[in-house]
Each structure stands twice: as C-alpha cells, then as structure tokens.
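Inspection log for the structure reproduced underneath, given as structure tokens.
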Amino acid sequence: MKLIVCFALTTLAMTLAHAAGFQYGSAADSNGKPLAIGIWYPSQAIPQSMSVGPTTMSVALNGPVEGRALPLVVMSHGAGGSFMEHYDTAIALADAGYVVAAVTHTGDNYADQSRSIYIMDRPKQMSRVIDHMLSSWGGHAAIDSARIGMFGFSSGGFTTLASIGGLADLSKVGPMCREHPEDFACKVMAKSGQTDIAPPDSSLVQDYRVKAAVVAAPALGFTFSPDGLKNVKVPVQLWRPEDDVILPHPRFAEAVRLALPQAPDYQVVPKAGHFDFLAPCSVAFANMVPAICTSAAGFDRVAFHQTFNKSVVEFFGKNLTRN
C-alpha cells in the first residue's frame, strides 16, 4: 500500500512539474496599438481545461512561474492568424522549461487584415514583444535575456528571417505574381486590388537578441537572395511541407535554404500540406475552417506534431545553451 501511495505521489509530482502555465498579455506596437500576446511557461500549478475561442487546452491559468534563467521563444503566426495558431508547440516548449510569447499581429490577424501588405510591420512588432517580456511582463525576472529564440510559420517565417538579419527584395513580388498568378498569395492580392507588397521604410528590423530560429513554410522565400541573407548568423531550423500548394516548391522554403549562408537544419515533411504546421484542430474549429484543418489522406497531423514539437524543442535546446 505504501508503495502504491508513493508511486501515486511521484506521478503527481512529475505531472505538476511539467504543467504549462498560461497568461494573457498585451504590449504596444511602435504606433501605440495593442499587441495581444499568449504566454506559456513552466509552472507547478494544477492545469485545468481552458477554452480560447474554438480551441481547448490544458493549462494553469495565471499559475506562478516555475524556475529561473528560463529561455524565451517568441512566435509569429501566418497571415490572418492569432497567437493560438501553434499552442501545442508552445505547450511542448513550456513543458521543456521555456517561456513562450506568441503574438497576434496587429493589422494582420483573423479579425483585422487592414495592414497585411505592410509585412515589415511584423518584425518590429516581434521586437516590441521581446521588449515587453524582458521588462514589463510580471515574470520577466525569470527570463534569461541571453537565450532568446524565434519561431515563425508562413508569413511568420518571413517575419523571423527578417528579425534575424534577412533583407528581402520586395520588388520581386509583383513580377513573380505576374508570372505565377495562380499562387495563393497572388490570388489574395489580386482579389483585394493589390498588385504588390508595400515597400518597407528605412528603419532596421534585425533584432540581435534572437540567437536561434525555427522557420516553417516561409512566405515570400523567393525575395531572399544570398546577399539578402548574408547577415543571418544564427542557427536556423527550416521546415518544408512536401505537398505545399499554398507556397509551392521550389520558390519558398527551398529558395531560403539555398540562400542561407550556413546550411540550416532542413526538414522536409512527406505528404504534409501548408497548414499541417498549425496545431491539430478541435472539432469545433474544423467545422469553422475545414480548409486549414483538413489534412491529405494518409497524413496524420496529430502524429506529425508529436515529432515536430519534439524536434523544435531539441533544436532550441541545442542552440539556446547557457554561457
């Protein structure tokens, strides 16, 4: 009996030690507009089921932060998304001892796409999120400011490349769309009456605090030349879904792979589609947006995310080490 009780207590302690805390946060962009943030982190508080829109996750809402000198990973979602896009990856990182701050990009999210063509707003917003996490967030004292990584998917992948030193030639977008009007992004731009991406202003967007990056299915990959990526000095894990019809091979992830000055940790996912990097959908969410929740026959998104999340955690663990 004592052995059973001891085992039960040990199991409970292990469960609590790996609980992910969660908080809502908010920062301000360079124009003073709010940036909604979802924050996951290690906690020993008891997790409970929590719904955020159509998604339910098991987290300790507002639980105390557990640990010191924790690495930080900031996340950038795809066009029209939200901070919940990769919540399962965020939880996996929090379980592994990371603080994760995922932003909902102002002007390019599920509710407001009024500034979606101003893609260079995004890396600036990521820097504001880092500023907030290091100085204003209630748990900022637990973060190791020397160990910061960034994760980005699709437009968030472009954002991440810009944040680590990539300089895109956005003048290539118009000609590419004239040559490939069937591309998803080009169709979206044409439907809205836009023929090009808004040119960036002259301010720098590279954030030298970011020491490692995970880039999945990056948008506008063809805008990065070897000269444009020559200043990328941090390790990069680059993911390409084999059957991406949204950002088709070889103009996007492959273009980035060939342009990076150092070979990335390059992962090609057989049979995966573009949206398979999003967290597996709840039934409610799948009913709302089947186009992004439905995987191809024979592809198991749940199983893939177990492998994907493990690889992301291992990559950051290898490259965000203590000095």
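Remarks
- The set of residues from region 269-323 being of a type in the set (A, V, I, L, M), touching a Ser or Thr at 6+ places or on another chain (Cβ under 9 Å), assigned to a helix (DSSP H, G or I) and within 23 Å of G80 (Cβ to Cβ) comprises A284, A286, V312.
- Within region 255-268, tally of residues that are touching a Phe, Trp or Tyr at 6+ places or on another chain (Cβ under 9 Å) and either part of a loop (DSSP other than H, G, I, E, B) or of a type outside the set (S, T, N, Q) (or both): 8
- Test for A94: is it among the small types (G, A, S) and closer than 16 Å to S163 by Cβ: no
- As for region 84-95, it holds at least one residue that is under 21 Å from D131 (Cα atoms), touching a Ser or Thr at 6+ places or on another chain (Cβ under 7 Å) and surrounded by 15 or more Cβ atoms within 10 Å (Cβ to Cβ).
Yes or no, residue by residue, for (1) touching a strand residue (DSSP E or B) at 6+ places or on another chain (Cβ under 7 Å); (2) of a type in the set (A, V, I, L, M); (3) exposed (fewer than 15 other Cβ atoms within 10 Å of the Cβ):
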| position | (1), (2), (3) |
| --- | --- |
| P235 | yes, no, no |
| R240 | yes, no, no |
| R251 | no, no, no |
| V269 | yes, yes, no |
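- Cβ-Cβ distances below 9 Å connect the following pairs, each with a first residue in region 21-33 that is within 18 Å of T89 (Cβ to Cβ) and among the aromatic types (F, W, Y), a second residue that is modelled with pLDDT of 95 or more and part of a loop (DSSP other than H, G, I, E, B), and a separation of six or more residues or different chains: F22/P47; F22/N62; F22/G63.
- 2 or more residues among the small types (G, A, S) and at pLDDT 95 or above: qualifying helices (runs of 4 or more DSSP H) within region 112-193: 121-135, 155-163
- H105 being in contact (Cβ under 8 Å) with a residue 24 or more places away in the chain, under 20 Å from A212 (Cβ atoms) and crowded, with 24+ Cβ neighbours inside 10 Å: no
- Of the strands (runs of 3 or more DSSP E) entirely within region 40-97, those holding at least 1 residues that are in contact (Cβ under 8 Å) with a residue 60 or more places away in the chain occupy 55-61, 70-76.
- Those residues of region 35-52 which are over 19 Å from the mean Cα position of the chain (by Cα) and either closer than 21 Å to F285 by Cβ or surrounded by fewer than 20 Cβ atoms within 10 Å (Cβ to Cβ) (or both), in sequence order: Q44, A45, I46, P47, Q48, S49, M50, S51
- For region 228-238, residues that are touching a residue at least 60 places away in the same chain (Cβ under 8 Å) and either closer than 15 Å to S76 by Cβ or in contact with an Asp or Glu (Cβ under 9 Å, 6 or more places away or on another chain) (or both) total 4.
The values are calculated or read from the model by the stated rules, or taken from the named source; none is laboratory data. Keep in mind the model is a prediction, meaning the values are calculated, not measured. Note that each Cβ is placed from the backbone with ideal geometry, even for glycine, and that neighbours are counted across all protein chains shown.
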